[in-house]
1. Across region A:170-205, which residue is farthest from the chain's Cα centre (by Cα) among those that are in a strand (DSSP E or B) and under 21 Å from A:HIS125 (Cβ atoms)?
2. Among the residues of region A:117-132, is there at least one that is buried (at least 18 other Cβ atoms within 10 Å of the Cβ) and closer than 17 Å to A:VAL205 by Cβ?
3. Do we find a residue being more than 14 Å from every other protein chain (Cβ to nearest Cβ), more than 27 Å from A:GLY148 (Cα to Cα) and among the aliphatic types (A, V, I, L, M) anywhere in region A:250-270?
4. For region B:210-239, how many residues meet the condition of being touching a residue at least 12 places away in the same chain (Cβ under 8 Å) and within 25 Å of the chain's Cα centre (by Cα)?
5. What's the number of the condition B:ARG248 fails, among (1) more than 14 Å from every other protein chain (Cβ to nearest Cβ); (2) among the basic types (Lys, Arg); (3) surrounded by fewer than 13 Cβ atoms within 10 Å (Cβ to Cβ)?
6. With the condition kept exactly as written, say whether any residue in region B:36-44 is touching a helix residue (DSSP H, G or I) at 6+ places or on another chain (Cβ under 9 Å), within 24 Å of B:PHE68 (Cβ to Cβ), touching a residue at least 24 places away in the same chain (Cβ under 8 Å) and surrounded by fewer than 17 Cβ atoms within 10 Å (Cβ to Cβ).
7. What number of residues within region B:251-266 satisfy the criterion of being more than 14 Å from chain A (Cβ to nearest Cβ) and in contact with a helix residue (DSSP H, G or I) (Cβ under 9 Å, 6 or more places away or on another chain)?
8. Please work out which residue is nearest to A:PRO98 (Cα to Cα), limiting yourself to region A:59-71 and to residues that are surrounded by fewer than 19 Cβ atoms within 10 Å (Cβ to Cβ) and within 13 Å of chain B (Cβ to nearest Cβ).
Amino acid sequence: MVNRLKFRVALAQIHSHQADPTSNLKIIAETCEKIVRDKDLDTIVVFPELSVTGYLMHDDVYQLAEPIPSGPLCQELIQISQKNNCYLIAGLPESSVPGLLYNTAAMFGPQGFIGKSRKIFLPNHSVFNERRYFRTSPTINIIDTPMGKIGMQICYDIFSPEITRAHALLGAHTSICISASPGVRRHYFETFIPARAMENTINFVYVNQSGIQDDLIFWGGSEVRTATGKQVAKLEYNKPDFGICTLSTESAQSAKNFVPTLKDLPSWIFKKLEESYYDI
Amino acid sequence: MTSKSQTRSIPPIDCANTSELIQEFIKTRVTEARVNGVVIGLSGGIDSAVVVTLAVKSIGSKNVTPIFLRNKNSLESDIEDIHTLCKKLKLDLIQYDIQNVIDEFSNSINQTEESSELAWMNIKPRILQTYLYFHANKKNYLVCGAGNKSELMIGYFTKFGDGGVDILPIGDVYKTHIFQLAEYLKLPKSFIQKAPSAGLTKGQTDEAEIGMSYTQLDSVLYGLEVFQTEKEIAELTLISPELIKKVRTMIYKSEHKRRGPIVFKLGVRTPSIDWRVPLTKPKHF
């Protein structure tokens, strides 16, 4: 009997090959295969943003994007989940109707496709070009899983505290951020990760790409924080690494009893935010 | 002109982290280009000394080929320093005396053409690159340049000369930080103490030619990099508005040197403009 009050998170901080899903699926399969099973706990293996295709695929994205979950890459990811009896979150470019692409986090499990979340904040400054290719998600959602409700966000989404707040308000006990962050942003992420966990009393999982793609180095440094901000996993900087930790689906509740930020959140703030947005 | 002035220096870098990242960059570029190593031109200056040291740490001395090209402006002290460094790094130095090549080339032009001092000065670095690429092609290596961020931003390099390389591992590192890296890497003191010089003419120093110290230059460049206004830079660094303006002018005037050849857009997708592919060929596609 699987204990649904706890689950394991495996941080798969890989170095994706650019525009090469065949090589990346091999890495994803090998990573899942090497995880020692725990008969009492479910395991979610989390891979970085656009880990299936590599982050810097440039114009090759038009060839590589596929419908989720009916596309061939997703079918392979389902098979990997089923073969290894694990849950798997990975990033890949999604094609919706022709010409509409999303930067998407998708979750698969032994039963097949579980759910997906599309990136909301697409950076188009500094070295980033995401709005050139992708459409911003028009919504925030959380995923119903056998381990309870989980929120997924992608990289630059973490810069907006509203995303994790929405995950918590929608009832998620854990927010998972998959990322492809170059080195110069490290101190922002390492500040936001514990902050998002603590201000929303929610478990927070962060998994980053590592290694060099074109002229960028992704800083790795994946980590997990509990709902009280305690760091329970931290991976190496800049290079591929792997780690595993256990999270409780109930720790968010006890954290909320201690720091009831969501209970104390008045709705008028959101109305004011919306009004001020249009006043700018 | 001296590096020491009243100007506030730019924030220091984390030398251990920077050194590690540059080593990773060199290794990745060599691996992904499917080549066997790198060729590096040594001048006797601090930049190429830092780069060759990092390259050896990254891919090992057997995969690094240093080349020194002697000419009439070469200083014996520089040659001695290069030998000391190569011995320390267990490198086999390749040397040529290229003065006769420069003379022959210059004579052939001299008979037919009038040209400026700049045109004459650029002959040497362009000949040097031909030697470097000969050895790179012969050994299936990359040519690794030693240009730093300060020089690149003001165009203090020869287009298709020392600027004509495959990779620039310290191209995003200010000269001020190169000195810090050199200390961290424990380079021989002579590299750190000598006045930086491009060595194109006898007695030339970079700072005299640029018209300001590297401390001043880097302070202005750093301010511009982090989006400070000219007024803010002047207040923070005590550097005159005229000097700041001069740096901005040098940046504009040299932008063409930092870009590849300018392609005129006519098609749907255009090379180097909006036809974008990854730097390396995917294994499967």
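The values are calculated or read from the model by the stated rules, or taken from the named source; none is laboratory data. The structure presented is a predicted model; accordingly, all values stated were derived computationally and were not measured. With ideal geometry, Cβ positions are generated from the backbone for all residues, glycine too; neighbour counts draw on all protein chains shown.
1. Across region A:170-205, the extreme among qualifying residues is A:PRO182.
2. yes
3. Yes: one or more hits.
4. Residues in region B:210-239 being touching a residue at least 12 places away in the same chain (Cβ under 8 Å) and within 25 Å of the chain's Cα centre (by Cα): 15 in total.
5. Going through (1) more than 14 Å from every other protein chain (Cβ to nearest Cβ); (2) among the basic types (Lys, Arg); (3) surrounded by fewer than 13 Cβ atoms within 10 Å (Cβ to Cβ) one by one, B:ARG248 breaks only (3).
6. Checked against the condition, which is being touching a helix residue (DSSP H, G or I) at 6+ places or on another chain (Cβ under 9 Å), within 24 Å of B:PHE68 (Cβ to Cβ), touching a residue at least 24 places away in the same chain (Cβ under 8 Å) and surrounded by fewer than 17 Cβ atoms within 10 Å (Cβ to Cβ), region B:36-44 yields at least one hit.
7. Summing the residues that are more than 14 Å from chain A (Cβ to nearest Cβ) and in contact with a helix residue (DSSP H, G or I) (Cβ under 9 Å, 6 or more places away or on another chain) in region B:251-266 gives 5.
8. Applying the filter and picking the extreme gives A:TYR62.
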